[in-house]
Amino acid sequence: MGTEFDPAFIQAPEHRPKPTILEAQGIPLIDLSTGPIDDLAKEIGDACRKWGFFQVINHGVSPESRRKIESAAREFFAWPQEEKMRVKRDEVRVLGYYDTEHTKNVRDWKEVFDFVVEDPTIVPASVDADDQRVTTWHNQWPDQNPHVLRIDKGKAIVQSKVEGGKQLMKTFEPIVKAATKEDLEVTQVKPPISMSSYSNHRLITHKEACEEYGREVEKLSIKLMELIAISLGLQANRFNDFFKDQTSFIRLNHYPPCPNPHLALGVGRHKDAGALTILAQDDVGGLEVKRKSDGEWIRVKPTPHAFIINVGDIIQVWSNERYESVEHRVMVNSEIERFSIPFFLNPAHYTMVKPLEEMTDDQNPPKYKAYNWGKFFTTRKGSNFRKLDVENIQIYHFKVSK
């Protein structure tokens, strides 16, 4: 995304970063490998109620899976801009690379790569409430070159038609020797000079790393939702059916060094619209949350190998505000880049989000009217591609008047 500073990045004075913000103390750090289930559920319930977020360790996501996706993210964002733009997302292809995202109509100082956990993912075809048509979102991995290059321990094999294969391998050193009509093999190969010649191999690797990580973090999300259900006095599987046709997605975030970190934010203040967010971040730091007890912004210091878990708006509605989503934002700095990988757990597009019956009674009537998640989600997505004249849709638009 370069280092140019567009005025679109400038936050209003009241929302700009403050160097005096303190580091948070007492953020719950929950070990998921110890203790009875009921004790874990109580810990998580207390954290959801008091903080709206918490950290987990011994969570079951393998260090190797996380290492691979973090490495893939660093490699991808280091590519020349023209290479990344080959998988650019837009209003038709909503998944892939993007570097002009806005939060609350102010441009974020970051670039991203999005992919869904279930490919394809079914969503509404439009935001029109009367339109019952659906469409599918597909992960936008790079176009497959018919001559796929795979490099393994100094040996390169090009699997392709011999005619195209011969032409491709002329670009490599040393001289290529044809092994058969199906395969071309060289005993030693230098990396191609052209990034475009190399990109297909690397993105294939990225795809595999992303999908493996997605499977592991999805399992963690279901475990956490079961613990949250128990903490609310519900059956452990109470939420499971909502996610059978999930619209969950994962985002690779890159925050480059910013020439004016006192004016811009990596991500502006916001709450997550889905059910739950599982955030992996590097050791640079930058996440800030608004403390529920006093409304002050506090910095969240990264904990090695931990995930940060955010309560989303959907849990706030389902629980009838027993648990509330937390407002957060991301700082940037002028010296070092930062990476993070959030997993956004979202229900099926046809889910009608409303307070659960078990969470309401005569003394605690429903605080929200029902809304369709798919329509809500696709409406929110619209602000990714254009500046809006009014604030984007929020759950408070469905709040029941007292």
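The values are calculated or read from the model by the stated rules, or taken from the named source; none is laboratory data. What you are looking at is a predicted structure, and each value in this text was computed from that prediction instead of being measured. Here the Cβ positions follow ideal geometry from the backbone for every residue, glycine too, while neighbour counts run over all protein chains shown.
Values computed for the structure shown
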quantity: Among the candidates 8, 73, 41, residue that is closer than 30 Å to residue 236 by Cβ, among the aliphatic types (A, V, I, L, M) and either crowded, with 19+ Cβ neighbours inside 10 Å or touching a residue at least 12 places away in the same chain (Cβ under 8 Å) (or both); calculated: 41
quantity: Segment 294-314 residues that are closer than 23 Å to residue 58 by Cβ, paired with ones that are of a type in the set (Phe, Trp, Tyr) and part of a loop (DSSP other than H, G, I, E, B) (beta carbon under 7 Å, 6 or more apart); calculated: 311/323
quantity: Candidates 323, 368 - the one that is farther than 30 Å from residue 23 by Cα, modelled with pLDDT of 95 or more and touching a helix residue (DSSP H, G or I) at 6+ places or on another chain (Cβ under 7 Å); calculated: 368
quantity: Residues that are among the aliphatic types (A, V, I, L, M) and in a loop (DSSP other than H, G, I, E, B), drawn from segment 16-32; calculated: 21, 22, 24, 27, 32
quantity: Failed condition for residue 112, given (1) farther than 30 Å from residue 27 by Cα; (2) in a strand (DSSP E or B); calculated: (1)
quantity: Members of segment 228-266 that are within 13 Å of residue 344 (Cβ to Cβ) and not hydroxyl-bearing (Ser, Thr, Tyr); calculated: 243, 246, 249, 250, 251, 252, 253
quantity: Hits in segment 88-98 - residues which are surrounded by 13 or more Cβ atoms within 10 Å (Cβ to Cβ) and more than 9 Å from residue 113 (Cα to Cα); calculated: 93, 94
quantity: Residue under evaluation residue 250, criteria (1) in contact (Cβ under 8 Å) with a residue 24 or more places away in the chain; (2) farther than 29 Å from residue 352 by Cα, criterion not met; calculated: (2)
quantity: Within segment 44-70, tally of residues that are touching a residue at least 24 places away in the same chain (Cβ under 8 Å), within 17 Å of the chain's Cα centre (by Cα) and surrounded by fewer than 18 Cβ atoms within 10 Å (Cβ to Cβ); calculated: 1
quantity: Single residue of segment 114-130 satisfying the filter (among the acidic types (Asp, Glu) and over 15 Å from residue 373 (Cβ atoms)) that is surrounded by the fewest Cβ atoms within 10 Å (Cβ to Cβ); calculated: 130
quantity: Tally, over segment 307-342, of residues that are under 13 Å from residue 271 (Cβ atoms) and part of a helix (DSSP H, G or I); calculated: 5
quantity: Set 84, 88: member being in contact with a strand residue (DSSP E or B) (Cβ under 6 Å, 6 or more places away or on another chain), without any contact (Cβ under 8 Å) to a residue 24 or more places away in the chain and over 24 Å from residue 305 (Cβ atoms); calculated: 88
quantity: Residue 18 vs. criteria within 23 Å of residue 309 (Cα to Cα), touching a residue at least 24 places away in the same chain (Cβ under 8 Å), basic (Lys, Arg) and surrounded by fewer than 20 Cβ atoms within 10 Å (Cβ to Cβ); calculated: no
quantity: Whichever residue in segment 207-225 is at pLDDT 95 or above and among the small types (Gly, Ala, Ser) and, among such residues, is nearest to the chain's Cα centre (by Cα); calculated: 214
quantity: Looking only at segment 260-318, and only at residues there that are more than 20 Å from the chain's Cα centre (by Cα) and aromatic (Phe, Trp, Tyr), the one that is surrounded by the fewest Cβ atoms within 10 Å (Cβ to Cβ); calculated: 297
quantity: Residue ID - modelled with the highest pLDDT, chosen from residues in segment 115-142 that are assigned to a loop (DSSP other than H, G, I, E, B), farther than 26 Å from residue 287 by Cβ and among the aliphatic types (A, V, I, L, M); calculated: 125
quantity: Identity of the residue in segment 355-384, of a type in the set (A, V, I, L, M) and farther than 20 Å from residue 124 by Cβ, that ends up surrounded by the most Cβ atoms within 10 Å (Cβ to Cβ); calculated: 359
quantity: Single condition residue 11 does not satisfy, out of (1) in a helix (DSSP H, G or I); (2) modelled with pLDDT of 95 or more; calculated: (1)
